[in-house]
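What follows draws every value from the coordinates through simple rules; no lab data is involved. This one's a predicted model, so the numbers in the text were calculated from it and none came from an experiment. Don't worry about glycine lacking a Cβ; one is built from the backbone with ideal geometry, like all the others, and counts go over all protein chains shown.
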Amino acid sequence: MAIVVYKNKDERVEVLDGENLKKIIRDNSWAIPFGCEDGICGTCLVRVVEGFENLSELSEKEKMTLPAMGLDDGIHRLACQCSVLQGEIVIENS
Ligand code: FES
């Protein structure tokens with residue numbers, strides 16, 4: 001099991017290892033919007049406050065979209081593109 005904390009609401013949930021972050025956000029009705037759901041629009045941008053290393057590697061689309069947004073900084077991820085691998089992560093709206 002992994003843990004995801006949504007800092008804006010101070011909510012903490014247990015999830016299966018490998019769960020997609022988009023699914024976690026939707027299942028918990030967290031206020032993070034989605035657009036294309038394909039790593040292109042940047043709408044689902046989140047700031048990873050803790051546990052960046054516990055997320056899946058950057059997708060090829062994130063490697064294009066995040067630098068284009070000036071956010072290839074090791075803090076931001078696109079929620080539609082990543083999964084929680086293990087441990088704990090803390091996210092907040094960007
Ligand atoms: S919803 Fe468009 S990049 Fe995630």
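Relative intensity of the chain on a log10 scale, I(q)/I(0) at q = 0.16, 0.21 Å⁻¹, equals -0.55, -0.98, per a Debye sum over C-alpha point scatterers of equal strength in the absence of solvent.
Each Lys and Arg contributes +1 and each Asp and Glu -1, all at the Cβ; summed about the Cα centre of the chain, the dipole is approximately 280 debye.
Taking the helices alone, the chain has a mean residue ellipticity at 222 nm of -4500 deg cm²/dmol, built from -39,500 (n - 2.57) per DSSP H run of at least 4 residues and averaged over all its residues. When only alpha carbons are used to place a centre, the stretch 1-27 and the stretch 50-83 end up 16 Å from one another.
Relative contact order for the chain: 42 percent, from Cα pairs under 8 Å spaced at least 6 residues apart, divided by residue count.
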